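To start, the structure itself, in structure tokens.
The values are calculated or read from the model by the stated rules, or taken from the named source; none is laboratory data. Keep in mind it's a predicted model, so treat the numbers as computed, not measured. We place every Cβ from the backbone using ideal geometry, glycine too, and count neighbours over all the protein chains shown. In case anyone asks, the SASA skips ligands and DNA or RNA and just uses the protein heavy atoms, side chains included. Shrake-Rupley method; radii C 1.70, N 1.55, O 1.52, S 1.80 Å.
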Amino acid sequence: QVQLVESGGGSVQAGGSLRLSCAASGRAFRLNTMGWYRQAPGKQRELVGNMPNVGSTEYADSVKGRFTISRDNAKNTVYLQMNSLKPEDTAVYYCNADAFTIPSFKTTTFWGQGTQVTVSS
């Protein structure tokens, strides 16, 4: 199993910035794509962006130019830098990772517990 632990959420005024972190831990695994989703009250969970091991990072249109995903593979950590935050960015943000685990020899999607981001106007 792989555990994902997020940190860095909080409250900020519109126009401000926050940086989320998500660290993966466990035994005998290899991380593939890592990314972020969010879920606002009364809405479905939506993709914010994801970053494969190889290839281009994908972003939702609503966050392009404002949010940046990065990874530190040595630390098994993915980051979400959020700039120019808007009230509509208010949501619970979830880390997501596809990991190949050795005991099962298959790729499984894992989720973090979520961290609240609140942007006030």
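Some observations on this one:
- When residue 74 is tested against (1) of a type outside the set (Lys, Arg); (2) out of contact with any Ser or Thr (no Cβ under 8 Å at 6 or more places or on another chain); (3) in contact (Cβ under 8 Å) with a residue 12 or more places away in the chain; (4) not in a loop (DSSP other than H, G, I, E, B), only condition (3) is not met.
- Residue 96 vs. criteria at pLDDT below 95, more than 19 Å from residue 17 (Cβ to Cβ) and under 15 Å from the mean Cα position of the chain (by Cα): no
So that you can scan it fast, the table gives a plain yes or no per residue for (1) assigned to a strand (DSSP E or B); (2) open to solvent by less than 50 Å² (accessible area, probe 1.4 Å):
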| position | (1), (2) |
| --- | --- |
| 61 | no, no |
| 68 | yes, no |
| 78 | yes, yes |
| 84 | no, no |
| 94 | yes, yes |
| 97 | yes, yes |
| 110 | yes, yes |
| 113 | no, no |
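- Of the residues making up region 26-35, not a single one is in a strand (DSSP E or B), of a type outside the set (Asp, Glu) and more than 17 Å from residue 98 (Cβ to Cβ).
- Residue within region 1-17 that is open to solvent by 80 Å² or more (accessible area, probe 1.4 Å) and without any contact (Cβ under 8 Å) to a residue 40 or more places away in the chain present: no
- Scope region 99-108; condition on the phi < 0 side of the Ramachandran plot and either open to solvent by 40 Å² or more (accessible area, probe 1.4 Å) or touching a His at 6+ places or on another chain (Cβ under 7 Å) (or both); matching residues: 100, 102, 103, 104, 106, 107, 108
- Taking region 16-75 as the range and being closer than 16 Å to residue 91 by Cα and of a type in the set (Asp, Glu) as the test, only 46 passes.
- Residue in region 21-36 that is open to solvent by 60 Å² or more (accessible area, probe 1.4 Å) and closer than 21 Å to residue 118 by Cβ present: no
- Region 41-57, subset within 20 Å of residue 6 (Cα to Cα) and charged (D, E, K, R), residue surrounded by the fewest Cβ atoms within 10 Å (Cβ to Cβ): 46
- Every residue from region 95-112 that is out of contact with any Cys (no Cβ under 9 Å at 6 or more places or on another chain) and in contact (Cβ under 8 Å) with a residue 40 or more places away in the chain: 98, 99, 100, 101, 102, 103, 107, 108
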